[in-house]
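Enquirer: Structure below; questions to follow.
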Amino acid sequence: MSADLSPRMKGQKSIFRVQLRPQNAGDASQAAYHSRRAHRKSRGGCQKCKLRRVKCDETKPHCLRCQKHGVDCTYAPISRGNELDAVSNLVHPDRTAYTLSLTDIASNLDSLLQLPQAHRHHHLHALQHFHSATASTISDKNSFNLMRTRMTHLALSSPTVMHAVLATSLSHLLHLTPASSPTRTTYTMLESHHWQRSISQYARELSHGASPKNMDALFSTCLLLTSHTFMLDPSSSSNDPRKTSFIYTIDSNPHALSWLTMQSGLRHLLSLTSSYLPQSIWFTTFMSTRSDNAFFEDHRPGPIDLHPDLAALCNIVSEDDTESNNPYVWPLRMLTPLLELERSPRSFHHYCNFMGRLMPDFYECLGRREVPALVILAWWMALMMGAAGDVWWLGGRLRSELGAVCMFLEGSRDGRVRRLLGVPARACGYVLEWDGVDDGDGDVLEVGEDGDGETGE
């Protein structure tokens, strides 16, 4: 492999690698030999991990292992000359076909984004963190590998995407960094800068129109913006839903529901690029997602196969009730099959697809705080809470909005609402004002339980 690298790149630590296809099974001479798997030593690890002789993930300012065990995490001072060596490899070095050195990446970032060198090591660390930690928390099984490989490579030539990648990673690092850490000030400044640049450049690209040349950058940035728009503003110090939820703030802030309405941005982009979508790096991922969510193609009218209590609350009583004359038919038609899925992180990507397919008439019902709209939204958020309530960009928003729905509706004297409100209340731990509530749902939906899978932090 090294024979194919330029002399300047030989011997330098590599940061991006893409795996080759498996070797031909017919090559007996290769198959008979099993060498020891290549591995990378953690040379820039924290003092605690070095003392215990365990591998450190080198997350700054506190590695994940020390955070898990609740111990102090300190790093040996790093000289400016060795700052590039402090950034760990982004992928395992097995079977590499494409290599870029850290020096090349650093120079690329400086020229691509016109960044001051004073923060070079922060940007390299953020890029490494995105690849090793953040990507898994904002993607599903269909998009995970693509985000870590082709999308990250695209970012090296697209300032819009690179700003979004760095901003997303910095948001995640801020979530993990203790409030007392002096690094928070730098992370906050850089995060704000990169989000501002990414959003402004994304808007500029959209104003010029989508094309085969820029569609991958638009898709990538749009997907990264999903976590940013959904996340509850971390600068808000209030845990009171009456100060953070759209239910209580939409009268004074018309954009209070944008965390949800912005999720339909990808659908808009897909409509603009449908004629040349097969040329996109995202095409296979989008097709796989569509295949996995085939039940979202059910557009039947009426209450058949809908959750009966929810259908009654939404006044869906006959086949005369359709998507065109009842704004709740479509969201409830999407929600009902989700109730049958396993309550675990493995169903997370199905739940996420729900919010991207909602229509403007349903958003209008939410803006008017109509009871059926709030209950449908709360049941969906209860599913999300059970599958991914611990995910860094989801949990705060879900808890705030679920609590607000419960607070807003618990005074209702409608028996249907009282029965249905038990599900979101259990999901967010809200204690309703009445005791011994019977939500009328038995064991059909226990979304408050932890799943048996894993969620990202």
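Enquirer: Going through region 273-322 one residue at a time, which ones are surrounded by 12 or more Cβ atoms within 10 Å (Cβ to Cβ) and touching a Lys or Arg at 6+ places or on another chain (Cβ under 8 Å)?
Expert: Of everything in region 273-322, those that are surrounded by 12 or more Cβ atoms within 10 Å (Cβ to Cβ) and touching a Lys or Arg at 6+ places or on another chain (Cβ under 8 Å) turn out to be Ile281, Phe296, Asp298, Arg300, Leu306, Asp309, Ala312, Leu313.
Enquirer: Would you point out the residue of region 212-226, among those that are touching a residue at least 40 places away in the same chain (Cβ under 8 Å) and out of contact with any Ser or Thr (no Cβ under 6 Å at 6 or more places or on another chain), that is nearest to Tyr276 (Cα to Cα)?
Expert: Selected residue: Pro212.
Enquirer: Restricting the search to region 398-409, which residues are in contact with a Gly (Cβ under 9 Å, 6 or more places away or on another chain) and either touching a residue at least 60 places away in the same chain (Cβ under 8 Å) or open to solvent by 10 Å² or more (accessible area, probe 1.4 Å) (or both)?
Expert: Hits for region 398-409 are Arg399, Gly403.
Enquirer: Can I ask one more? Can you report the number of residues in region 323-343 which are in contact (Cβ under 8 Å) with a residue 60 or more places away in the chain and either of a type in the set (Lys, Arg) or open to solvent by 30 Å² or more (accessible area, probe 1.4 Å) (or both)?
Expert: If we filter region 323-343 for residues that are in contact (Cβ under 8 Å) with a residue 60 or more places away in the chain, which is where we start, we get 339, 342-343.
Okay, now just the ones that are also either of a type in the set (Lys, Arg) or open to solvent by 30 Å² or more (accessible area, probe 1.4 Å) (or both), so 342-343.
Residues flagged as in contact (Cβ under 8 Å) with a residue 60 or more places away in the chain and either of a type in the set (Lys, Arg) or open to solvent by 30 Å² or more (accessible area, probe 1.4 Å) (or both) within region 323-343 amount to 2.
Enquirer: Then there is this: Exactly one of (1) surrounded by fewer than 17 Cβ atoms within 10 Å (Cβ to Cβ); (2) over 19 Å from Pro331 (Cβ atoms); (3) of a type in the set (Ser, Thr, Tyr) is unmet by Thr249. Its number?
Expert: Every listed condition holds for Thr249 apart from (1).
Enquirer: Taking only pairs six or more apart or across chains, which ones have beta-carbon atoms under 8 Å, a first residue in region 273-294 that is within 18 Å of Thr149 (Cα to Cα), and a second residue that is assigned to a helix (DSSP H, G or I) and open to solvent by 60 Å² or more (accessible area, probe 1.4 Å)?
Expert: Listed by first residue and then by second, the contacts come to Ile281/Arg150.
Enquirer: Take Ser412 and decide whether it is in contact (Cβ under 8 Å) with a residue 40 or more places away in the chain, in a loop (DSSP other than H, G, I, E, B) and over 17 Å from the mean Cα position of the chain (by Cα).
Expert: Yes, satisfied.
Enquirer: Is region 168-186 home to any residue that is open to solvent by less than 30 Å² (accessible area, probe 1.4 Å), among the β-branched types (Val, Ile, Thr) and either modelled with pLDDT of 95 or more or under 14 Å from the mean Cα position of the chain (by Cα) (or both)?
Expert: Yes - at least one qualifying residue is present in region 168-186.
Enquirer: Taking the stated definitions as given, is Pro372 in a helix (DSSP H, G or I), in contact with a helix residue (DSSP H, G or I) (Cβ under 6 Å, 6 or more places away or on another chain), of a type outside the set (A, V, I, L, M, F, W, C) and open to solvent by 30 Å² or more (accessible area, probe 1.4 Å)? Spell out the reasoning first.
Expert: Details: in a helix (DSSP H, G or I): yes; in contact with a helix residue (DSSP H, G or I) (Cβ under 6 Å, 6 or more places away or on another chain): yes; of a type outside the set (A, V, I, L, M, F, W, C): yes; open to solvent by 30 Å² or more (accessible area, probe 1.4 Å): no.
Judged against the criteria, Pro372 is not a match.
The values are calculated or read from the model by the stated rules, or taken from the named source; none is laboratory data. Fair warning: this is a prediction, and the values are worked out from it, not measured in the lab. Please note: Cβ atoms are built from the backbone with ideal geometry, for glycine as well, and neighbour counts cover all protein chains shown. To get the accessible areas, we keep the full protein, side chains included, count just its heavy atoms, and leave off ligands, DNA and RNA. Shrake-Rupley method; radii C 1.70, N 1.55, O 1.52, S 1.80 Å.
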